[in-house]
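The values are calculated or read from the model by the stated rules, or taken from the named source; none is laboratory data. Just so it is clear, the model here is predicted, and its values are computed rather than measured. Cβ: placed from backbone, ideal geometry, glycine included. Neighbour counts: every protein chain shown.
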Amino acid sequence: MADNPGNSGNPGNPGNPGNSDNPGNSCNFGNPVIPPSRHSAAPPSRPPAILPSCNPAIPEWGSMAVVGRVARAHGIRGQVIVNIETDFPEERFRPGAELFVDRGGVGPLIVGTVRFQHDRPVIGFLGVDDMDGATALAGAELRVPIDRLAALPEGAFYHHDLIGCQVHTVDGAPVGAVTGVEGTIGRSRLVLDTERGELLIPLVSEICTTIDPVAKRIVIDPPEGLLELNTRAT
């Protein structure tokens, strides 16, 4: 599940969520995950130490939304480059923001510094001070609890709201199940698992006439030939 809202009716930006999904926190931000160093005396198989979160209870990993992935270390001072998977990068990766990783156990990382380079954030996490620590985070998913996600306007949906929905045509014919969402706001596509392979459906109101995330149901009215044209063999 990713923190990118799909949008079937309003191609515009759903707006700045402000701090509504990153509530203020007065606790000490010095409780990050400390990635293991390659020069540590600990055995290589030992998982990284997970220190207590500012939150009294850490959400389950599977119930959180992906907002980015660590691409690689940057420089020698513990910074990392992150591939974003959110439409709100300035909010998600602001200094003081709490992100969660699973490196032998789920725990928080606190953003200490951030700057954007070619539309990707270069982040320094508190407690990650050298290249070894940054390299240990390479490939890690960065997640936030779903209850911190901003409310979206009508007609906009987060990816995790749509995954698992069963898709039917307006005539009632089953098409497949949503397994993912590609693209950005205004250019999103549903990825469906069908009997004929993977199918891409533009997430626009003219085609997706009914979207009911609660009932896990989407009704589509595809133009002639769309289902055949957009099928990717698997």
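Points worth noting:
- Scanning the stretch 129-153 for residues that are farther than 16 Å from residue 69 by Cα and of a type in the set (A, V, I, L, M) gives 131, 146, 149, 150, 151, 152.
- Applying the criterion of at least 2 residues that are touching an Asp or Glu at 6+ places or on another chain (Cβ under 9 Å) and β-branched (Val, Ile, Thr) to the strands (runs of 3 or more DSSP E) found wholly in the stretch 191-234 leaves 208-212, 217-220.
- Listing of helices (runs of 4 or more DSSP H) fully contained in the stretch 50-163 that carry 2 or more residues being not charged (D, E, K, R): 131-135, 159-162
Yes/no matrix, rows are residues, columns are (1) in contact with a Cys (Cβ under 7 Å, 6 or more places away or on another chain); (2) free of Cβ contacts under 8 Å to residues at least 40 places away in the same chain:
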{"position": "98", "(1), (2)": "yes, no"}
{"position": "104", "(1), (2)": "no, no"}
{"position": "113", "(1), (2)": "no, yes"}
{"position": "130", "(1), (2)": "no, no"}
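- A single member of 206, 154, 141, 195 is closer than 19 Å to residue 83 by Cβ and either assigned by TED's automatic domain parsing to the domain that holds residue 60 or among the acidic types (Asp, Glu) (or both), and it is 141.
- Residue tally, condition free of Cβ contacts under 8 Å to residues at least 24 places away in the same chain and crowded, with 19+ Cβ neighbours inside 10 Å, over the stretch 67-96: 0
- Counting residues in the stretch 111-127 that are in contact with a helix residue (DSSP H, G or I) (Cβ under 8 Å, 6 or more places away or on another chain), hydrophobic (A, V, I, L, M, F, W, C) and at pLDDT below 95 gives zero.
- Whichever residue in the stretch 147-165 is exposed (fewer than 15 other Cβ atoms within 10 Å of the Cβ) and not aliphatic (A, V, I, L, M) and, among such residues, is farthest from the chain's Cα centre (by Cα): 154
- Here residue 33 clears all of (1) at pLDDT below 85; (2) surrounded by fewer than 19 Cβ atoms within 10 Å (Cβ to Cβ); (3) of a type outside the set (D, E, K, R) except the condition numbered (2).
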